Amino acid sequence: MVLELTDEQKIWRETLVAFSRQELDYDMTAYEKGDLFPWEAWRKCAEMQILAQPFPEEYGGGGVDFMTTMISLNALGYACKDAGLVHAIATQILCGLQILHFGSERLKQRYLPLLCRGEKVFAQAITEPGSGSDALSMRTSATKKRDTYILSGSKTFITNGPIADVVIVFAVSDPEKKSLGGISCLVVEDGMKGFEKCRPLKKMGLSTLQNGELFFDNCVVAFEQLLGKEGQGAIIFNESMEWERSLLPAAHLGTMERILEISVTYAKERHAFKKPIGSYQSVANKLSSMKMNLELGKGILYRCAALKDNRKRAALDASICKLFISESLKQACLDAVQIHGGYGYMSEYEIERDLRDSIAATIYSGTSELQHNIIARFLGV
Amino acid sequence: MEKNLMERGSEMLTRETIRQFILSELISDDSRVDLTDTVQLIDSGVIDSFGIMSLLGFLEENFSIQISGDDLVPENFASISTISDFVSQKSC
């Protein structure tokens with residue numbers, strides 16, 4: 001298994017870093033204040049084919065491997081300060097991967113070109129008010145009626161939900177069965193009768209990312225909108241988590257690299273007691289820990305990508321990857337604020353935003369506590 | 001067509017390998033030893049949404065098979081017997 005980037009991948013990363021600095025360097029203040037989605041940036045990313053990367057060319061995709069897709073998110077995490085936008089892009093790609101791997105030919109042809117071009121925004125609806133990490137204890141129901149499903153229930157915190165045109169909804173299709181076999185996925189479109197989207201919820205960070213509640217009140221969904229087979233929902237969920245727990249950490253690792261660079265520069269320039277603060281061991285140790293976690297994170301991240309590109313299972317590796325990188329990012333952001341002292345606490349220096357954003361990384365896509373549980377289950381305990 | 005001795009032996013070995021994995025990795029309550037070929041693993045809660053991840057990894061690794069897309073349906077993993085049949089079919 002090769003865990004190095006090819007020359008082409010390195011060039012692509014540099015290209016995206018330059019693109020982000022030139023095209024995505026907007027003033028975040030106004031967007032943050034209004035919790036607005038950066039539509040112009042979204043369109044630019046779509047034009048750059050970032051949303052289309054891992055999908056076959058026949059559906060309008062870029063036809064690249066999973067490693068290259070991860071590198072794209074890594075480059076955005078590094079060079080684009082809007083973590084909300086990067087997360088929205090990752091969600092769009094994840095929805096596409098679910099459709100690509102489990103959808104019927106009809107669903108692929110109908111949705112993937114729109115997804116790749118960014119013309120429609122996609123979301124996946126799993127979390128409910130009463131089920132977060134224990135996602136599969138959901139209550140939203142999909143009751144079969146002739147050649148349709150009747151969808152009833154509500155979802156919350158759904159990423160891209162308030163602006164979504166298409167939502168992959170996970171719901172209980174057979175309450176008699178356990179979650180494995182009892183949950184199915186339906187592709188629901190905005191405008192369907194009985195489907196309602198609510199306004200975005202206000203959050204601590206990731207302000208531009210639109211998260212909200214979705215309501216289904218006897219929403220009639222045609223049988224042909226079933227993603228995969230009936231009862232395949234829990235397995236699609238597991239598969240999806242392998243991709244998600246590799247793609248999101250790829251962006252986090254990019255952010256960590258930026259945080260490290262900013263902190264090293266500051267530690268060299270800022271003097272205290274006539275010496276650069278980096279010369280003090282208490283500061284230098286923070287920087288060396290960041291570097292160590294960055295390199296270790298790269299190792300597990302590349303391993304996940306290589307496993308997926310080799311069509312191998314990566315559930316355990318993806319959980320380790322997600323847990324290690326999200327916790328490392330949060331620690332790196334805390335340390336960066338500390339190294340910058342009073343300036344780090346000021347909004348102007350922008351590190352405090354990264355810190356607020358980083359906290360969410362240890363919660364979404366399965367909390368750190370859940371990742372520990374998964375890893376323990378693989379150990380047979 | 002009736003299976004020959006080699007095929008039957010190989011099938012028995014596959015079932016035993018799967019059984020041992022389930023007993024050692026997926027069942028925390030070691031008092032449960034009556035794991036026959038037809039016990040419904042999902043319905044009885046032996047394999048849950050976490051357990052299926054371990055099982056899939058084990059099957060792919062141990063039997064050098066790839067499991068994806070349409071193969072990933074609960075019916076294929078309902079009992080030791082169905083898992084074994086599925087593995088044999090994928091190994092062909």
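Being in the same structural domain as A:Y111 (by TED's automatic domain parsing) and assigned to a helix (DSSP H, G or I) is the requirement here; does A:Y26 meet it? So that I can check it myself, show each step before the final result.
Numbers: in the same structural domain as A:Y111 (by TED's automatic domain parsing): yes; assigned to a helix (DSSP H, G or I): no.
So A:Y26 fails the test.
Assigned to a helix (DSSP H, G or I), out of contact with any Pro (no Cβ under 6 Å at 6 or more places or on another chain) and modelled with pLDDT of 90 or more: is that true of B:L41 in this structure?
For B:L41, the condition - assigned to a helix (DSSP H, G or I), out of contact with any Pro (no Cβ under 6 Å at 6 or more places or on another chain) and modelled with pLDDT of 90 or more - is not met.
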Within the range A:80-103, identify whether any single residue is of a type in the set (S, T, Y) and touching a Gly at 6+ places or on another chain (Cβ under 9 Å), and answer yes or no. no
Given the structure, is A:L107 within 13 Å of A:D165 (Cα to Cα), of a type in the set (A, V, I, L, M) and either in the same structural domain as A:V167 (by TED's automatic domain parsing) or assigned to a helix (DSSP H, G or I) (or both)? no
Checking A:E242 against (1) among the acidic types (D, E); (2) more than 14 Å from every other protein chain (Cβ to nearest Cβ); (3) surrounded by 20 or more Cβ atoms within 10 Å (Cβ to Cβ), the condition it does not meet: (2)
From A:K202, A:K155, A:K197, grab the single residue that is more than 14 Å from chain B (Cβ to nearest Cβ) and without any contact (Cβ under 8 Å) to a residue 40 or more places away in the chain. A:K197
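Here are A:A251, A:A222: which of them is more than 14 Å from chain B (Cβ to nearest Cβ) and closer than 21 Å to A:Y26 by Cα?
Checking each option against the conditions leaves just A:A251.
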Which condition breaks for A:S184 when tested against (1) surrounded by fewer than 17 Cβ atoms within 10 Å (Cβ to Cβ); (2) within 14 Å of another protein chain (Cβ to nearest Cβ); (3) assigned to a strand (DSSP E or B)? (1)
Got at least one residue in the range A:85-93 being away from chain B (no Cβ under 14 Å), touching a helix residue (DSSP H, G or I) at 6+ places or on another chain (Cβ under 7 Å), of a type outside the set (A, V, I, L, M, F, W, C) and more than 23 Å from A:F19 (Cα to Cα)? no
Show the residue pairs that are 6+ apart or on different chains and have beta-carbon atoms under 7 Å apart, the first residue being within the range B:36-51 and within 13 Å of B:N76 (Cα to Cα) and within 9 Å of chain A (Cβ to nearest Cβ), the second being part of a loop (DSSP other than H, G, I, E, B) and among the aliphatic types (A, V, I, L, M). B:I42/B:A78; B:I47/B:L41
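The values are calculated or read from the model by the stated rules, or taken from the named source; none is laboratory data. From a predicted model like this one, the values you see are computed outputs, not experimental measurements. Every residue, glycine as well, gets a Cβ built from its backbone with ideal geometry; the counts of neighbours run over all protein chains shown.
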